[in-house]
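Below is one structure; the comments refer to it alone.
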Amino acid sequence: MTTNVPVIDSHAAPVAGRKNFLNCSSGFLSWAGTLDHKRIGIMYLVGVSLAFLAGGLFALLVRLHLWKPDGMLFDNVQYNQIFTLHGAFMVFIFVIPAIPGSLGNMVLPLMLGAKDVALPRLNLLSFYLWLAGALMATLAIVLGGFDTGWTFYAPYSLYTDQAVVTIGLAVFVLGFSSIFTGLNFIVTVHKLRAPGLTWFRMPLFVWAIYATAILQVLATPVLGITVLLVAFERLYHIGIFDPRLGGDPVLFEHFFWFYSHPAVYIMVLPAFGIVSELVSVHSRKPLFGYKLIAFSSLAIAIISFLVWGHHMFTSGQSTYALFAFSFLTFFVAIPTAIKEFSWVATIWKGSIALNAPMLYTLAFLIIFAIGGLTGVILGALNVDIHLHDTYFVVAHFHYVMMGSIALAFFAGLHHWWPKMFGVMYNETLAKIACGIIFVGFNTTFIPQFIMGSRGMPRRYATYVPDYMGFHQASTIGAMVLGAGVALMVFYLVASLFQGKKAMQNQWGGVTLDWLTPTPPPLENFDEAPVVTTEVYDYSTLDYKAMQTPVA
Amino acid sequence: MFALLIQDPVNINGPDRSPQQAVDAYGQLTKLASTFSHVDGLFYFTYAVCIFFFVLIVGVLLFSVVKYRRKTWDQLPASNTTHNTPLEVVWTVIPLIIVMIMFAWGYMGARDMTVVPLEASRNTYKASAKQWNWTFHYPNHPVASYNEVWLEVGKPVQFLLESSDVLHAFYLPAMRVKRDVIPGRYQSVWFTPTTVGEYHLFCAEYCGKDHSKMYAKVHVVDTATFNAPQRPWDQWEDSTPELAAKSGANLYSQLCIACHSVNGTPGVGPSWKGLFIKNADGTYTGRQREVIDNTDGGKRKTITVDDAYIIESVHLPEAKKVAEEPYVRNAMTAFPDLDERKVRGLIEYMKTLADTK
Ligand SMILES: [Cu+2]
Ligand SMILES: [Cu+2]
């Protein structure tokens, strides 16, 4: 979509010495107290990246420990703490806030042609709540750790003598950070769209963040209440979940999954948004089935509130409940499949650039196909009874969480990196890292599918020797994956110091985020943009007149 | 570095977990040993559908990438189509039909697994889960077994599941059976074992420290073995003190090893080494033990370890607690179903660990 303000030569190198949001002010307070959505986005980016590296380190420890059937590194209590830390850090501190917090904050107002989000102070508060939550989680480690799994299932979480209350409060605070972010984005999308930017001219990343925000606001309070109830029950012995006090542990599972299933979509919808965006830009084609993709995000958001019971197929629900939950679960598969098909159809006959962001996107498309399809296997009731709580489930959700969401996050990071920092990373290294990550990831998790279907239960510090070969293959894969991620961190950080200057419009995008200077000025646009064309209309750019991008 | 790590699996503490589970013809699942073949049927059907769609999606993707790859910066797309209604209808409706088939098939299978037939309910076992042990009670036989259970081949069986502490799950991969075990309510599962053999029974719901060691072995045996006058789970060789000690050692490695060492190393509970002292004349005396006697208002006493004390410790651990840090704070699992004969076997085993005077 073009604007009435083609003030900048959209593909020229940035003008030297221009003030942008990075260099317009300096000093600690200019960051710590900033209300600028771009700076807050970068603070989130640093924060969630550290959380990802910490979570990844825990994962490597888990994998190393499982090299031998009776464990290599830890006793059982330590192992249980470490897999719990891995899950809790990855889910609550990394995946949930990662894309909305960092890229969402960065890009959403740019895409809308707004100066900032609607509620900049609330935005900063969200960040500090995230920080407080992350620090409390770290404090819980110092206080002796916690070993409940990220699911906090009662009554174990009520009896264990570890720092459950601290981590519970951390999750509570993190929940508020998420709610505030969602609220902010909803208001921003409703109120701050540029003139001419109708709903159906919004880029799909905006749609995805919008659908996510609705889920964040509606679902997260349930999680907050649930962990508070656990904390109360631990501290004051009110019988809610503890059968000894007349409570019901299955009620906890219902509460927990009523949040945590929609949370899967809180995590994955932004990833869908990024992929929709990147597939279009790097194929230079309008998205196939734009409206269908937009609506399928909303459909997924709504149906996702009605399928939580599929995490509890073995908990003894009535067959009627099994019927309804399984039926609706299969129903969610359809809009998800439509998305995947539409992305592939967008790439079909496109002008496909094999640059780093696109390679990460292609890796996403392959991995997400596996993640989604194995979800269908789990949706079948009788099969799920066999596979529930085995490594098959572990592998399935890692294909979605790590393979899809984290890869989409990496893709988006590579896509908007030049926009954010005005520099390009070394693309050759980026392509190599992407390959290493792809190979490492699949080597880690394909063996887990097999041992899971043969009955290897999850959360095991030791295991019967039958499964040793699969565990060792998985551990080797994890090392390769770790090396790929390390390489990625290296070249990204290095680019900040010695990266080539990025082009104004590095990839030839036509959404508003590419039509501002790079990096954007403090208030995003030199002149308020007005949108006059349809979304993803690449005929509005004259590619011949633009020079070939560097790197 | 890895050369150092690659070693043969060493024996795991606790019950012998040797049975290598055979793999079925397609190499994915453990060989089925119950009548729930619909699980495997639907699994492989879905698997085939998944492979088909995966090949389709990735095939089209890679084909496009190769064929339409951008060669010059200003290359425009070969087509700008954004809609194709027939195609969109097809890729909505066909997956919908396929998943509805899976749904119906899976639901019927799950009903089969959930609704316990009369025949199975006439052969009801009880499986009690407790951090981190399984106890099995048999229909029509008073002796219980721990972490091992015997079933008759071809006979439908129901398990009533109960937990006295946290969540567990009763998982028999070879039978395709899994059910959460929930404190405060009974759950049940049923199945018909079809093949004689030994199978893994795992706890599949995280339950704390030794979740991964909460393991039981399932023996499916033929009718003659099952009904032999000396039932397979009621065999306890104690005709001589040596044999009794051997049986005791075996039981120790199944039930007590998690908390008690036999070499003096402190564990959750005190080591058994030195509980008895061997006198010069070959007889044994118990050591002196300071305990908190909860049957007597929590008084601190010094007692001499003897058979009665040990039997009480096993059946009612809270009665007399060892008054020593950290043991006095740690709880021991009670084993009220362990009959006296077996505890005496354990005592014989403890005596083999005696310090000589
Ligand atoms: Cu779910
Ligand atoms: Cu367990």
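Restricting the first member to the stretch B:291-315 and to residues that are of a type in the set (Val, Ile, Thr), and the second to residues that are surrounded by fewer than 11 Cβ atoms within 10 Å (Cβ to Cβ) and part of a strand (DSSP E or B), the beta-carbon pairs closer than 9 Å and six or more apart or on different chains are B:Val291/B:Arg300; B:Val291/B:Thr302; B:Ile292/B:Lys299; B:Ile292/B:Arg300; B:Thr302/B:Gln288; B:Ile303/B:Gln288; B:Thr304/B:Gln288; B:Val305/B:Gln288.
Only a single criterion out of (1) free of Cβ contacts under 8 Å to residues at least 24 places away in the same chain; (2) surrounded by fewer than 19 Cβ atoms within 10 Å (Cβ to Cβ); (3) under 30 Å from B:Gln158 (Cα atoms) is not satisfied by B:Ser261, namely (3).
Within the stretch B:68-80, being at the interface with chain A (Cβ under 7 Å from one of its Cβ atoms), of a type outside the set (A, V, I, L, M, F, W, C) and assigned to a loop (DSSP other than H, G, I, E, B) holds for B:Tyr68, B:Arg70, B:Asp74, B:Gln75, B:Pro77, B:Ser79, B:Asn80. Checking each residue in the stretch A:375-395 for being surrounded by fewer than 24 Cβ atoms within 10 Å (Cβ to Cβ) and more than 7 Å from chain B (Cβ to nearest Cβ) picks out A:Gly375, A:Leu378, A:Val393, A:Val394.
Contact annotation: residue pairs with Cβ atoms under 7 Å, 6 or more positions apart or on different chains, pairing a residue in the stretch A:452-475 that is at the interface with chain B (Cβ under 7 Å from one of its Cβ atoms) and closer than 26 Å to A:Val439 by Cβ with a partner that is within 16 Å of ligand 1 (Cβ to nearest atom) and assigned to a helix (DSSP H, G or I), are A:Ser453/A:Leu387; A:Ser453/A:Phe392.
Going through (1) under 23 Å from B:Tyr206 (Cα atoms); (2) buried (at least 21 other Cβ atoms within 10 Å of the Cβ); (3) more than 14 Å from every other protein chain (Cβ to nearest Cβ) one by one, A:Tyr79 falls short only on (3). The lone criterion from (1) out of contact with any helix residue (DSSP H, G or I) (no Cβ under 9 Å at 6 or more places or on another chain); (2) within 14 Å of chain B (Cβ to nearest Cβ); (3) part of a loop (DSSP other than H, G, I, E, B) left unmet by A:Ser539 is number (3). Restricted to the stretch B:178-188, and to residues there that are in contact (Cβ under 8 Å) with a residue 24 or more places away in the chain and within 16 Å of ligand 2 (Cβ to nearest atom), the residue that is farthest from B:Glu162 (Cα to Cα) is B:Lys178. Any residue at all in the stretch B:316-337 that is within 28 Å of B:Glu242 (Cβ to Cβ), without any contact (Cβ under 8 Å) to a residue 40 or more places away in the chain and among the β-branched types (Val, Ile, Thr)? No, the conditions are met nowhere in the stretch B:316-337. Output the number of residues of the stretch A:49-78 satisfying the condition of being modelled with pLDDT under 95 and among the β-branched types (Val, Ile, Thr). Counting residues in the stretch A:49-78 that are modelled with pLDDT under 95 and among the β-branched types (Val, Ile, Thr) gives 1.
Within the option set A:Leu373, A:Leu381, being farther than 27 Å from A:Gly499 by Cβ and in contact with a Leu (Cβ under 6 Å, 6 or more places away or on another chain) holds for one residue only, A:Leu381.
Of the candidates B:Ala224, B:Ala228, B:Ala204, the single residue that is away from ligand 1 (no atom under 16 Å from the Cβ), out of contact with any helix residue (DSSP H, G or I) (no Cβ under 7 Å at 6 or more places or on another chain), of a type in the set (A, V, I, L, M, F, W, C) and within 14 Å of chain A (Cβ to nearest Cβ) is B:Ala204.
Does A:Leu85 satisfy being in contact with a His (Cβ under 7 Å, 6 or more places away or on another chain) and crowded, with 24+ Cβ neighbours inside 10 Å? Spelling it out, it is not the case that A:Leu85 is in contact with a His (Cβ under 7 Å, 6 or more places away or on another chain) and crowded, with 24+ Cβ neighbours inside 10 Å. Has the stretch A:292-315 got any residue that is more than 16 Å from ligand 1 (Cβ to nearest atom) and more than 25 Å from A:Ile96 (Cβ to Cβ)? Checked against the condition, which is being more than 16 Å from ligand 1 (Cβ to nearest atom) and more than 25 Å from A:Ile96 (Cβ to Cβ), the stretch A:292-315 yields at least one hit. Would you say A:Lys19 is basic (Lys, Arg) and in contact with an Asp or Glu (Cβ under 7 Å, 6 or more places away or on another chain)? So A:Lys19 fails the test. Only a single item in (1) assigned to a strand (DSSP E or B); (2) within 16 Å of ligand 2 (Cβ to nearest atom); (3) in contact with a Lys or Arg (Cβ under 9 Å, 6 or more places away or on another chain); (4) closer than 30 Å to A:His310 by Cβ is not met by B:Tyr199, and it is number (2). With respect to B:Leu96, determine if the residue is within 19 Å of A:Thr319 (Cβ to Cβ) and away from ligand 1 (no atom under 16 Å from the Cβ). The answer is no for B:Leu96.
In the stretch A:287-299, the residues that are within 15 Å of A:Pro270 (Cα to Cα) form Cβ pairs under 6 Å with partners that are β-branched (Val, Ile, Thr), at six or more places apart or across chains, as follows: A:Ser296/A:Ile338. Residues that are under 17 Å from B:Thr225 (Cα atoms) number at least 3 in the following strands (runs of 3 or more DSSP E) confined to the stretch B:91-157: B:141-146, B:148-152. The residue of the stretch A:348-366 that is farthest from the chain's Cα centre (by Cα), among those that are outside any helix (DSSP H, G or I) and facing chain B (nearest Cβ under 7 Å), is A:Lys349.
Here is a check on your reading of the model: is A:Phe323 facing chain B (nearest Cβ under 10 Å) and either over 20 Å from the mean Cα position of the chain (by Cα) or over 30 Å from B:Leu161 (Cβ atoms) (or both)? Taking the combined requirement at face value, the residue satisfies it. Of the residues in the stretch A:27-44, none is within 14 Å of chain B (Cβ to nearest Cβ), among the charged types (D, E, K, R) and surrounded by 19 or more Cβ atoms within 10 Å (Cβ to Cβ). Summed over the stretch A:483-498, the residues that are farther than 21 Å from A:Val48 by Cβ and buried (at least 21 other Cβ atoms within 10 Å of the Cβ) give a count of 0. Among the residues of the stretch B:173-190, the ones that are within 7 Å of chain A (Cβ to nearest Cβ) and either part of a strand (DSSP E or B) or surrounded by 24 or more Cβ atoms within 10 Å (Cβ to Cβ) (or both) come to 8 in all.
Summed over the stretch A:461-478, the residues that are under 26 Å from the mean Cα position of the chain (by Cα) and either within 16 Å of ligand 2 (Cβ to nearest atom) or buried (at least 18 other Cβ atoms within 10 Å of the Cβ) (or both) give a count of 4.
Looking only at residues of the stretch A:416-458 that are part of a loop (DSSP other than H, G, I, E, B) and within 23 Å of B:Pro19 (Cβ to Cβ), we find that the one that is nearest to ligand 2 (Cβ to nearest atom) is A:Arg458. Applying the criterion of at least 2 residues that are modelled with pLDDT of 90 or more and within 16 Å of ligand 2 (Cβ to nearest atom) to the helices (runs of 4 or more DSSP H) found wholly in the stretch A:248-347 leaves A:249-283.
Residues in the stretch B:295-328 that are loosely packed, with under 12 Cβ neighbours inside 10 Å and either hydroxyl-bearing (Ser, Thr, Tyr) or not assigned by TED's automatic domain parsing to the domain that holds B:Cys259 (or both): 3 in all.
The values are calculated or read from the model by the stated rules, or taken from the named source; none is laboratory data. Not measured: the values here are computed from a predicted model. Note: ideal-geometry Cβ built from the backbone for every residue, glycine included; neighbour counts use all protein chains shown.
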